[in-house]
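Working notes, structure below.
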Amino acid sequence: MSGHGSASRPGHRAAGDDNLTLAVLTIVGTVAALSFGDAVIKLISADFLLWQIFVLRSLLAIPVLGAIGLMRRGTGLGALRIRRPLWTGLRSLLLVAMWVVYYASLPHLKLSIAASAYYTLPIFIVLFSAVLMKERISAIGWIAVGLGFAGVVLILDPNADDFNAFVLLPLVSAVFYALAMILTRTRCRDEHPLALSLALNLAFVAAGVLGSALVGLDGSGGSGYLVGAWTPMGASQWAAMIVLAATVVVASVGTAVAYQVGRPSVVASFDFAYVGFAVIWGVLIFGEVPEPQAAVGIVLVVAAGLLAVRRRTQAGRD
């Protein structure tokens, strides 16, 4: 994903360098990796401390990023140099905050409720694109977002009676993600995707170390996503962590590429594909066969993506 020519020439990308095909393929691959990583976490243990995942996953991912940089012709480790530390740092903090806030909601919400609230994020991205980037969003663009969100609701089938005040946390998480992707497009577009990935993983390590220090590694503060003890690491846990490190490399680089070479309002429509992949992993790993209602939802998600591509293609010819 990071080998795209324009992505390797920071500072030389203009609006005319957009590559819709690359953006779409990259974001779909990215959410596939993210959803698989979440399935792995669910499979191995529900008791992994968030800070432990942050630290170990990123410590494994950072050398991989360095190796990728060394293998690149011309740039080498220069691809990892951060040119705009302020904006890149802010982007990383927003993404770390996104995950912390989202995980903080999970002990108090059903996963379907939390995910439904979180996947309002394309709506926020389209809104911020219109307000902050002055991007004109057509009626078809809004319809695409609405279809995608409707598909997510059908797939997850949330029960309105289960909503409570904690549902605001995934909404806040979605806002953080949307703002981070707008920054990727407007302020970090000339950063190399490897540099953005490195900055994010360094932020994960820093947050993990700080979080672990605050709650105490002895687990005396309780148990759960945010407070508790580190899980003892055996062979299966390390294998799972290696898989998670691979997925975070793909996801962090892929997200940067997608939002650098594609308009956020278009790329955001394909973020919904996460839910479709989650259904696939559920069938393959956990034997969870989707109900007919979920199948209809998947169709709506796909239709939303195709509609967004059609809208963008037509706009490019106008």
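Scanning region 270-290 for residues that are part of a helix (DSSP H, G or I), within 13 Å of the chain's Cα centre (by Cα) and not acidic (Asp, Glu) yields a count of 4. When the helices (runs of 4 or more DSSP H) confined to region 168-261 are screened for residues that are in contact with a Pro (Cβ under 8 Å, 6 or more places away or on another chain), those reaching at least 3 such residues are found at 168-186, 235-261. Taking region 76-102 as the range and being touching a helix residue (DSSP H, G or I) at 6+ places or on another chain (Cβ under 6 Å), buried (at least 16 other Cβ atoms within 10 Å of the Cβ) and either closer than 13 Å to Val172 by Cβ or without any contact (Cβ under 8 Å) to a residue 12 or more places away in the chain (or both) as the test, the residues that pass are Leu94, Ala97, Met98, Val101, Tyr102.
Which residue, of Ala67, Ala61, is within 18 Å of Val249 (Cβ to Cβ), buried (at least 17 other Cβ atoms within 10 Å of the Cβ) and either out of contact with any helix residue (DSSP H, G or I) (no Cβ under 9 Å at 6 or more places or on another chain) or among the small types (Gly, Ala, Ser) (or both)? So that I can check it myself, show each step before the final result.
Working: Ala67 fails: buried (at least 17 other Cβ atoms within 10 Å of the Cβ).
Every option except Ala61 fails the conditions.
Taking region 1-120 as the region of interest, the helices (runs of 4 or more DSSP H) fully inside it that hold 2 or more residues being modelled with pLDDT of 75 or more and of a type in the set (Ser, Thr, Tyr) are 20-44, 85-105.
The values are calculated or read from the model by the stated rules, or taken from the named source; none is laboratory data. As the structure is a computational prediction, the values presented were derived from the model and not from experiment. Cβ coordinates were reconstructed from backbone atoms using ideal geometry, including for glycine residues, and neighbour counts include every protein chain displayed.
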